[in-house]
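My questions all concern the structure below.
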Amino acid sequence: MGIDIKEQLYSIIAGIVDSIKRKSVKGRRDLVVFGSIALDIYLTQPIKIFPGGSAANIAVSSSRLGLDTSFIGKAPLDFIGLQLLVDLVGEGVDISLVELDESLKTTICTVSNWLSEYPQISCSYSLDNPPVITKLNSNIIDVCRESKAMYLGEGICNIYTEILKSIGDRKPIVYRPQKQSIELHWEECSQILKYNPLLILDEDKVEALLRKEFKIPEDLFKAGVDNIIILKGLRKAILYKDKTAKSIEIEMPEISIVNSVGVRDAFIASLIYNLIREEDLEKAVKTSIHLALYTALQQESRKTIKHDIQTYYGL
């Protein structure tokens, strides 16, 4: 009949996603999350598969906490990508501003060593066609301007800079750069810091900055940021607050880890939740690392945060 089956499938998936996007449009968001979605494959017998992607994990955990959350990224036009988007919608996450790309393949992340504080995760996406937005429109700017908070995860640095330049006002903005961004595009990414986001660094990103002969925290403060959080494994966070070189260390007890994947994402979701509620930063960090640590007892990559510390300590 002369029908291109591949093209027809793309058309069907695009139609389904467009219908979902139209129905998921909401009013003002509490939180806008930028980043990517992925499929996590755990290398065990039998293989375990969970929806993942760091930013998508944060969006889901935030939505479960009751925040009206919008996820902004790029999604492939294949059945796995469709399922990942449907999963976000099922979790109450708004996907109305997700960009569809038929040339994009679903990001597959293989996971091992998840019983330790440092899981090994290898993802398949191409740096030439990353699963993140590469252009802005007025709808994205508007939703960011009206939101109560923003999370900037995997993404293009000059896109984030353009957003921050456009929205103007102060609100909690959490920036967690990728290691590749620090290594390859730090000159561009450092421009984000002058808009004073709360900067979150994992140990490997600290090492990447040190290799560039950056002094931490002094050179980051000079670039414009006021507050820095360094995550060391699952049990320790170091907070540099209000442009002081004095560090505040927060350390947690040992626990039996079931799955460490997504615990740092849970920390960020909890942190943003507390900051939106105008909690003091130091208190918010302490509470959030407590709650995130205990999500390591959950098997899934996407964690449910029980935002009542009494649940864990019987108080």
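Suppose the filter is among the basic types (Lys, Arg), out of contact with any Phe, Trp or Tyr (no Cβ under 6 Å at 6 or more places or on another chain) and closer than 24 Å to ALA284 by Cα; does LYS148 pass it?
yes
Next up: Quick one: which of ALA208, ALA245, ALA237 is assigned to a loop (DSSP other than H, G, I, E, B) and among the small types (Gly, Ala, Ser)?
ALA245 is the lone residue from the list that is assigned to a loop (DSSP other than H, G, I, E, B) and among the small types (Gly, Ala, Ser).
Follow-up question, since we're still on this one. Tell me, yes or no, whether the range 294-303 has at least one residue that is closer than 18 Å to LEU67 by Cα, within 19 Å of the chain's Cα centre (by Cα) and modelled with pLDDT of 90 or more.
Yes, because at least one residue in the range 294-303 is closer than 18 Å to LEU67 by Cα, within 19 Å of the chain's Cα centre (by Cα) and modelled with pLDDT of 90 or more.
For the range 45-81, which residues satisfy the criterion of being over 16 Å from GLU99 (Cα atoms) and part of a helix (DSSP H, G or I)?
Matches in the range 45-81: SER54, ASN57, ILE58, ALA59, VAL60, SER61, SER62, SER63, ARG64.
How about the range 149-194: which of its residues are aliphatic (A, V, I, L, M) and part of a strand (DSSP E or B)?
ALA149, MET150, LEU152, ILE173, VAL174
Okay, moving on. Can you name the residue in the range 1-40 that is of a type in the set (Val, Ile, Thr) and either within 20 Å of GLY92 (Cβ to Cβ) or at pLDDT 95 or above (or both) and is also surrounded by the fewest Cβ atoms within 10 Å (Cβ to Cβ) among such residues?
Within the range 1-40, the match that is surrounded by the fewest Cβ atoms within 10 Å (Cβ to Cβ) is VAL25.
What's the number of the only condition in (1) outside any helix (DSSP H, G or I); (2) at pLDDT 90 or above; (3) not aromatic (Phe, Trp, Tyr) that GLU278 fails to meet?
Status for GLU278: all satisfied but (2).
Would you confirm whether any residue within the range 252-260 is assigned to a loop (DSSP other than H, G, I, E, B), touching a Pro at 6+ places or on another chain (Cβ under 7 Å) and within 12 Å of TYR294 (Cα to Cα)?
Within the range 252-260, one or more residues are assigned to a loop (DSSP other than H, G, I, E, B), touching a Pro at 6+ places or on another chain (Cβ under 7 Å) and within 12 Å of TYR294 (Cα to Cα).
Let me ask something else. Could you tell me whether PHE221 is buried (at least 19 other Cβ atoms within 10 Å of the Cβ), among the aromatic types (Phe, Trp, Tyr) and either modelled with pLDDT of 95 or more or not in a strand (DSSP E or B) (or both)?
Against the criterion (buried (at least 19 other Cβ atoms within 10 Å of the Cβ), among the aromatic types (Phe, Trp, Tyr) and either modelled with pLDDT of 95 or more or not in a strand (DSSP E or B) (or both)), PHE221 qualifies.
The values are calculated or read from the model by the stated rules, or taken from the named source; none is laboratory data. Everything quoted here is computed from the prediction, not taken from an experiment. For neighbour counting, all protein chains shown are included, and Cβ atoms are generated from backbone atoms with ideal geometry for every residue, glycine included.
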